Ligand SMILES: [Zn+2]
Ligand SMILES: [Zn+2]
């Protein structure tokens, strides 16, 4: 059986992110994603995963594939995405590699925004009192190692925006082993590839980085999978057999995928 395409958005902030809208609840997000034909999504809140379980249960009931994820801010102020094979592994990673490294202190909702933990039905359960908007006291290479050691995927976020490995370090250390790179504006990819990714073969992913429901857009990315299950997502990152990740310049209806990974060569190679 050959791999089939599924639309994916792997970088969405819920109401738990201090900068995320209070209306970024499971029902609002999933409703919008269904309108946009998204099959696969991840919630990547800043330095926390408190809403992941609620989203995963809601997603499963609605027939969408949920990928457990998080967006970390390292000591260097680099944003790093982590994706995990199940909720339990994400929560274990959070306990051991995020919680102990949070900047001490309490969130001030007036300054940074509310950090709302919700139930599956979207009811407010609690507020995360930790300081999620500041950097973790752990460096990029250490965090990458910890994500990968537990079976997760480490993906430096939005290379073409602030708080990226490029904006903060001005280069990508050649020894860094990561599983993909994320780009926000696909039309910046050729330039970034030429300047910073010359010898890298990792796949490129692209998502909405939505903080409000109106930021959710027609997906820029498709995963080519044999079945719509989480294990297949990890296989697509590896590019095994004909599984792969493609990203397109504009919406699916208007554009063909511009770049293809995991099989054959990308156009700039
Ligand atoms: Zn970010
Ligand atoms: Zn983000």
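Just so it is clear, none of the values below were taken in a lab; they were calculated from the coordinates. Keep in mind that what you see is a predicted model, and the values were worked out from it rather than measured. Neighbour counts run over all protein chains shown; Cβ positions are idealised from the backbone, glycine included.
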Sorting 103, 246 on the 10 Å Cβ count, fewest up front, what's the list?
103, 246
What order do you get for 151-159, 176-184 when each peptide is scored by the mean count of other beta carbon atoms within 10 Å, highest first?
151-159, 176-184
Each label sits 7 Å from Cα toward the beta-carbon; between residue 129 and residue 195 the label points are separated, in nm, by 4.4
Taking neighbour counts of Cβ atoms within 10 Å as a proxy for exposure, in what order, fewest first, do 230, 65 appear?
230, 65
Between rounded, prolate and oblate, where does the chain land on the alpha carbon gyration tensor, with a ≥ b ≥ c its root eigenvalues, rounded for a/c under 1.5, else prolate if a/b exceeds b/c?
oblate
Indicate the gyration tensor shape class of region 64-146 (rounded, prolate or oblate), computed on the Cα atoms with a ≥ b ≥ c the square roots of the eigenvalues: a/c under 1.5 is rounded; otherwise a/b larger than b/c is prolate and the rest oblate.
oblate
Take every Cα pair under 8 Å in region 127-236 that's 6+ residues apart, average their separations, divide by the length, and report that relative contact order as a whole percent.
17
Under the rule a/c < 1.5 gives rounded, and otherwise a/b versus b/c splits prolate from oblate, where does region 169-235 land using the Cα gyration tensor?
oblate
Given a cut-off of under 8 Å on Cα pairs at least six residues apart, what relative contact order in percent is computed for region 199-238?
29
Quick one: compute the contact order of the chain, relative version, from alpha carbon pairs under 8 angstrom and 6+ residues apart, as a percent.
22
Per-residue Cβ contact counts at 10 Å, fewest first, order 212, 79 as 212, 79
Under the rule of -39500 (n - 2.57) per DSSP H run of 4 or more residues, summed and divided by the residues of the chain, what mean residue ellipticity at 222 nm is obtained, to the nearest 500 deg cm²/dmol?
-6000 deg cm²/dmol
In the chain the DSSP beta bridges are antiparallel at a rate, in percent to nearest 5, of 75
